[in-house]
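One structure below.
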Amino acid sequence: MGTCRCAILNGLSGALARDLLDKHLREVRTDGMGRTVYLCEDSEVEWLEERQRVGYDDDVSVLRRLQH
Ligand SMILES: [Zn+2]
């Protein structure tokens, strides 16, 4: 397990966000507005995933760290 950077990051997008989602985070709930909340089990940091549309038929994940 590498060093967890969740506690020092504020936001990620694109490939970096995708990578974190795939390898590091666990889906825990949705926020009731169609967005998904993910948890980092190492740091107990929660992330909110938003989808941002790019171009005509593509979108990108944007992760924002939830403050506690
Ligand atoms: Zn983490």
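FYI, it's all coordinate maths here, none of it is from the lab. Keep in mind that this is a model prediction, so the values were computed, not measured. When we count neighbours, we look across all protein chains shown, and the Cβ atoms used for this are built from the backbone with ideal geometry, even at glycine.
Taking the Cβ of residue 24 as the centre, find all other residues whose Cβ is under 15 Å away and add up their charges (Lys, Arg: +1; Asp, Glu: -1).
Numbers: positive: 5, 18, 23, 26, 65; negative: 19, 22, 27, 41, 42, 44, 46, 49.
In short, -3.
Convex hull volume of the C-alpha atoms in region 11-65, normalised per residue: 75 Å³.
For residue 45, the residues whose modelled amide H falls within less than 5 Å of its own, excluding neighbours fewer than 5 places apart on the same chain, are 40. Sites counted here are trypsin sites (Lys or Arg not before Pro) in a DSSP loop (not H, G, I, E or B) having no more than 15 other Cβ atoms within 10 Å; the longest part of the chain that contains none of them is 36-68. Taking chymotrypsin sites (Phe, Trp or Tyr not before Pro) across region 24-67, the ones in a DSSP loop with at most 13 further Cβ atoms lying within 10 angstrom of their Cβ are 56.
With +1 on each Lys and Arg Cβ and -1 on each Asp and Glu Cβ, and nothing else charged, work out how big the dipole of the chain is about its Cα centre, in Debye to the nearest 20.
On the way: 10 positive and 13 negative charges, 28 e Å.
Once rounded to the nearest 20, the dipole reads 140 debye.
Take every Cα pair under 8 Å whose residues are at least 6 apart in sequence, average their separation, divide by the length of the chain, and the relative contact order is 31 percent. Using θ = phi - 60° in the Karplus curve 6.51 cos²θ - 1.76 cosθ + 1.60, the 3J(HN,Hα) couplings for region 12-19 round to 9, 8, x, 5, 5, 5, 4, 4 Hz; x is entered for Gly and Pro. Couplings 3J(HN,Hα) for region 41-58, derived from phi with the Karplus relation 6.51 cos²θ - 1.76 cosθ + 1.60 (θ = phi - 60°), are 6, 6, 10, 6, 7, 9, 10, 9, 9, 10, 9, 10, 6, 10, x, 8, 9, 9 Hz, where x marks Gly and Pro.
In loop segments of region 13-68 as defined by DSSP, the GluC sites (Glu not before Pro) with at most 12 further C-beta atoms inside 10 Å of their C-beta are 41, 44.
Counting only helical runs of four or more DSSP H residues, what would the 222 nm mean residue ellipticity of the chain come to if each run contributes -39,500 (n - 2.57) and the total is spread over all its residues?
Details: 1 runs with 10 residues, N = 68.
Here the helix-only value at 222 nm equals -4500 deg cm²/dmol.
Karplus-derived 3J(HN,Hα) values for region 27-36, using 6.51 cos²θ - 1.76 cosθ + 1.60 with θ = phi - 60°, are 5, 10, 5, 10, 8, x, 10, x, 9, 10 Hz; glycine and proline are entered as x.
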